[in-house]
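Down below is the structure, laid out as structure tokens.
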Amino acid sequence: MDLDSGAGLLHRLTSYRPDREWDVPVDDPRVRQDLVPNDPATLPPPMKAYAESLPVVLLPRDLPDPAVPATAALAGVAAPACALDAAQLGRVLFLGAGVVRTAERDGRPVLFRASGSAGARFPLEVYASTRGVAGVPDGVHWYDGQRHALVQVAPPAVGTATTLVVTGVPWRTGWRYAERGWRHLYWDAGTLLSQLSAALASAGLAPRLRSFFPDAELRELVGADGVHEYPLALLTVGDGDPAVHPGGPAATGDLPAVELPLCTAAQRAGERTVLGEPWPAGDPLPQVPPSDTLDEVVRRRGSQRRMDRSGTLPRTTLEWSMSAALRGVDVPHWVAVHGVDGVPPGLYRWPDLSAPLWAGDLRDELLRVCLDQSLAADAAYVVIAATDVSGLDDRSYRDAQLAAGLVEGRLHLAAYALGAGASGMTFDDSEVPALLGEPASLAALLFTCVGVPEYASRPGGRPGAPVAVRPVAPRLGNA
């Protein structure tokens, strides 16, 4: 990958180093120097806005739970097929992008979605290009996670299979993380897709994930301009021809007109003109531990902000969660073990837990690498996704970030299904190759902390009835 253009340049210019605070931009004219992170005056709205004249389908709020254990969905166990109607489509969308909790920050509401997001920025939008869904007209619909409704933004697309389109709004996450937020788009998209895919699989609806697609055509399909919003991934129901070829113009909706040119360039550098094959599903796991249903686990999960350093997790939790999370994914992963029964503390390259790359207590080292965020030291184990950038291009770099987010999302679900907690974690890029004993060309993708929760998250509400919560402040350092 060329580190002087496209996604490679963005990666290089947005990599954290110990000689610069995370919220201080690198001194380079290609990075915007005029942005003030977390400025209340420029806070973007939490979701798009559309004209009230567009057709709206209010989805049923009584969700049809197939009662499939979360662990079975993650393990790839085949489930009985349910009809794809308005209620089931609404269930799938709600379990990924529905508003389940609310809070107030600086006098403004925060809408927490069912799937997690770095910094609670929730920079994603979801569209459903429907074909033959009972109770929903064929067409391209934007999902309103607050009203639990579909807003039709375009006529039916060409294709036979209902397809969900996930897009990213770079300014919504850039408001906090500047140009590095482009990476967060793909991390968050992977997390969202882990829950959308699990919801479809638990209803026997055979999700098919694609990240290789004709970008310009997808932008036209959903009304994204490629600067303030762009498509990230597709999720098709079944093996049919994805309904993604535009059948007419789409309403664009309203978004703040703030551009991050470095992000625009990185996105455009990876654009393609053809539709690729789906990602491999991965073989089902032979063992499935008991758990609550997927729907119950999704409502229970949150981004854990504090973990009990004195607590430990069983080895089986680590092994099963990693096996489930990496089904069909070939991005390399490492595990820093702090408190796992039967596994000596140290750093391991998955799947080998027999011999550590580094033996001993790594809590202080992980704390330092993760910018003094205490979860990295308090967790029972920390999963690290990383890959050699020399073998990537502008498109496969996107895929690597998306895959890391997908694994993180599955680790979240597995943790909450098995009685643990989890949270994604950012890091000092320059420190990771030495930590893992790898060459400098290794690019860290994402850290996921899994451990014993210090508190229980309040379960999320149901469609149209989110619960009010008071967010827990994370600890810094060893306090």
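The values are calculated or read from the model by the stated rules, or taken from the named source; none is laboratory data. Bear in mind the structure is a predicted one, so any value in this text is a computation, not a measurement. Methodologically, a virtual Cβ is constructed for each residue, glycine included, from the backbone with ideal geometry; neighbour enumeration extends over all protein chains shown. The protein model used for the area step is the full one, side chains on, heavy atoms only, and it has no ligands, DNA or RNA in it. Shrake-Rupley method; radii C 1.70, N 1.55, O 1.52, S 1.80 Å.
Which pairs have Cβ atoms under 6 Å, sit 6 or more apart or on different chains, and link a residue in segment 427-450 that is touching a residue at least 40 places away in the same chain (Cβ under 8 Å) and farther than 13 Å from HIS11 by Cα to one that is among the β-branched types (Val, Ile, Thr) and open to solvent by less than 10 Å² (accessible area, probe 1.4 Å)?
PHE427/VAL369; GLU431/VAL369; LEU435/VAL369; PHE447/VAL382; PHE447/ILE384; THR448/VAL383; CYS449/VAL382
Would you confirm whether or not segment 219-228 contains a residue that is of a type in the set (D, E, K, R) and in contact (Cβ under 8 Å) with a residue 40 or more places away in the chain? Steps first, answer last, please.
Pass one, segment 219-228, residues of a type in the set (D, E, K, R): 219-220, 225.
Among the residues that remain, those that are also in contact (Cβ under 8 Å) with a residue 40 or more places away in the chain are: none.
No, segment 219-228 has no match at all.
Of the conditions (1) small (Gly, Ala, Ser); (2) outside any strand (DSSP E or B); (3) in contact with a strand residue (DSSP E or B) (Cβ under 8 Å, 6 or more places away or on another chain), ALA233 clears all except one; give me its number.
(2)
Considering each of SER15, SER53 in turn, give the residue that is surrounded by 14 or more Cβ atoms within 10 Å (Cβ to Cβ) and not in a helix (DSSP H, G or I).
Details: SER53 fails: surrounded by 14 or more Cβ atoms within 10 Å (Cβ to Cβ).
Answer to the selection: SER15.
Limited to segment 292-323, what total is found for residues that are open to solvent by 30 Å² or more (accessible area, probe 1.4 Å) and more than 21 Å from the chain's Cα centre (by Cα)?
9
Listed residues ARG176, ARG172; which is under 18 Å from ASN38 (Cβ atoms), surrounded by fewer than 24 Cβ atoms within 10 Å (Cβ to Cβ) and among the charged types (D, E, K, R)? Even if it seems obvious, please write down each step before you answer.
Details: ARG172 fails: surrounded by fewer than 24 Cβ atoms within 10 Å (Cβ to Cβ).
Criteria check complete, one pass: ARG176.
Can you go through VAL165, VAL92 and tell me which one is within 25 Å of ALA415 (Cα to Cα), open to solvent by less than 10 Å² (accessible area, probe 1.4 Å), hydrophobic (A, V, I, L, M, F, W, C) and within 17 Å of the chain's Cα centre (by Cα)? Even if it seems obvious, please write down each step before you answer.
Values: VAL165 fails: within 25 Å of ALA415 (Cα to Cα).
Answer to the selection: VAL92.
State which residue is least open to solvent (accessible area, probe 1.4 Å) when the search covers only segment 384-419 and only residues that are closer than 28 Å to LEU285 by Cβ and of a type in the set (Lys, Arg).
Residue satisfying both the conditions and the ranking: ARG398.
Regarding segment 461-477, can at least one residue be identified that is in contact with a Phe, Trp or Tyr (Cβ under 9 Å, 6 or more places away or on another chain) and surrounded by fewer than 16 Cβ atoms within 10 Å (Cβ to Cβ)?
Start the filter on segment 461-477 by keeping residues that are in contact with a Phe, Trp or Tyr (Cβ under 9 Å, 6 or more places away or on another chain), which leaves 462-463, 466, 469, 471-472.
Now drop any that are not surrounded by fewer than 16 Cβ atoms within 10 Å (Cβ to Cβ), which leaves 471-472.
Scanning segment 461-477, I find at least one residue that is in contact with a Phe, Trp or Tyr (Cβ under 9 Å, 6 or more places away or on another chain) and surrounded by fewer than 16 Cβ atoms within 10 Å (Cβ to Cβ), so the answer is yes.
Suppose the filter is surrounded by fewer than 20 Cβ atoms within 10 Å (Cβ to Cβ), touching a strand residue (DSSP E or B) at 6+ places or on another chain (Cβ under 8 Å) and among the small types (Gly, Ala, Ser); does GLY328 pass it? Don't jump to the end; show me each part of the working.
Values: surrounded by fewer than 20 Cβ atoms within 10 Å (Cβ to Cβ): yes; touching a strand residue (DSSP E or B) at 6+ places or on another chain (Cβ under 8 Å): no; among the small types (Gly, Ala, Ser): yes.
In short, no.
Filter segment 384-406 down to the residues that are of a type in the set (Asp, Glu) and either in a helix (DSSP H, G or I) or under 8 Å from MET1 (Cα atoms) (or both) and list them by number. Show your work before the answer.
Step one: list which residues in segment 384-406 are of a type in the set (Asp, Glu), which gives 388, 393-394, 399.
Scanning segment 384-406 gives ASP393, ASP394, ASP399.
Among the numbered criteria (1) closer than 24 Å to GLU296 by Cβ; (2) at pLDDT below 95; (3) part of a helix (DSSP H, G or I), which one does VAL92 miss?
Among (1) closer than 24 Å to GLU296 by Cβ; (2) at pLDDT below 95; (3) part of a helix (DSSP H, G or I), VAL92 violates only (2).
I need the full set of residues from segment 141-162 which are within 15 Å of PHE213 (Cα to Cα) and either within 22 Å of the chain's Cα centre (by Cα) or part of a strand (DSSP E or B) (or both), in order please.
VAL158
Would you be able to tell me the number of residues in segment 189-210 that are surrounded by fewer than 24 Cβ atoms within 10 Å (Cβ to Cβ) and either part of a loop (DSSP other than H, G, I, E, B) or aromatic (Phe, Trp, Tyr) (or both)?
3
Restricting the first residue to segment 120-143 and requiring it to be more than 15 Å from LEU164 (Cα to Cα), which pairs with a second residue that is of a type in the set (Lys, Arg) and in a strand (DSSP E or B) meet a Cβ separation below 7 Å and a spacing of at least six or different chains?
PHE122/ARG113
Quick check, is PRO45 open to solvent by 40 Å² or more (accessible area, probe 1.4 Å), in a loop (DSSP other than H, G, I, E, B) and in contact (Cβ under 8 Å) with a residue 40 or more places away in the chain? Walk me through it before giving the result.
Details: open to solvent by 40 Å² or more (accessible area, probe 1.4 Å): yes; in a loop (DSSP other than H, G, I, E, B): yes; in contact (Cβ under 8 Å) with a residue 40 or more places away in the chain: yes.
Yes: the conditions hold for PRO45.
Given the criteria among the aliphatic types (A, V, I, L, M) and more than 26 Å from ARG410 (Cα to Cα), does VAL140 qualify?
On the way: among the aliphatic types (A, V, I, L, M): yes; more than 26 Å from ARG410 (Cα to Cα): yes.
Taking the combined requirement at face value, the residue satisfies it.
Looking at segment 115-158, which of its residues are open to solvent by 10 Å² or more (accessible area, probe 1.4 Å), at pLDDT 95 or above and on the phi > 0 side of the Ramachandran plot?
PHE122, GLY132, GLY135
Among all residue pairs at least 6 apart or on different chains, which show Cβ distances below 6 Å where the first residue, located in segment 454-471, is in a strand (DSSP E or B) and the second is surrounded by fewer than 17 Cβ atoms within 10 Å (Cβ to Cβ)?
What qualifies is VAL467/ARG458; ALA468/THR102.
If a residue has to be open to solvent by less than 30 Å² (accessible area, probe 1.4 Å) and among the aliphatic types (A, V, I, L, M) to count, how many in segment 348-376 make the cut?
Residues in segment 348-376 being open to solvent by less than 30 Å² (accessible area, probe 1.4 Å) and among the aliphatic types (A, V, I, L, M): 7 in total.
Which condition from (1) at negative phi; (2) at pLDDT 95 or above; (3) surrounded by fewer than 19 Cβ atoms within 10 Å (Cβ to Cβ) is the one that ALA281 breaks?
Only one criterion is unmet by ALA281, namely (2).
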